[in-house]
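As structure tokens, the structure follows; a few thoughts come after it.
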Amino acid sequence: MKYLISIIILSLVLFSCSKKDDDSSTTTTTTTASDNGTTFSVTVSPSRYYIIDGILTKSLTLKKGYTYFFDSTDSTTNHHPLFIGINSIGGSYTYEYTSGVTNSRTTTETLTFIVPSDSPSPLYYNCGNHEAMGGKITIL
């Protein structure tokens, strides 16, 4: 029995060492930015999290030089002023990012974000009244 276990272990070691380095089963994930002019539908869940296009705290990928619209006209956003920040805390405007942003802190309008060429990454969409409601924005 001991001999059989040794053979199995040796077989597994030899098999794992014989794999080719150029194994074509490896996949590469690429990140694609949202299109220029994309409008994101913003609502708020009953548990007080932002919902972007129907996805709770959706992570976004935006591209420098592109314009994006965050439609916050839904009544669920009335007490949740939307802004872009340099961290994910929210609950105040201490870390607000305003370059390229129009209608920041909106509760009933559309926030427009023209991503500057010197924009940091990541950024975050946040609520000015409550902490940890938003999500991550990766800038390409």
### Task
Quickly run through segment 106-140 and pick out the residues that are of a type in the set (D, E, K, R), surrounded by 15 or more Cβ atoms within 10 Å (Cβ to Cβ) and touching a residue at least 40 places away in the same chain (Cβ under 8 Å).
136
### Query
Condition test on residue 112, is it of a type in the set (S, T, N, Q) and assigned to a strand (DSSP E or B)?
yes
## Note on the structure
Scanning segment 115-133 for residues that are part of a loop (DSSP other than H, G, I, E, B) and out of contact with any Phe, Trp or Tyr (no Cβ under 9 Å at 6 or more places or on another chain), the one nearest to residue 51 (Cα to Cα) turns out to be 130
### Query
Does at least one position in segment 47-56 carry a residue that is touching a His at 6+ places or on another chain (Cβ under 7 Å) and of a type in the set (D, E, K, R)?
yes
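Any read-out appearing in this document is the output of simple, stated calculations on the displayed coordinates, not a laboratory observation. What you see is a predicted model; the values in this text were computed from it and never measured. Note that we place each Cβ from the backbone using ideal geometry, even for glycine, and neighbour counts take in every protein chain shown.
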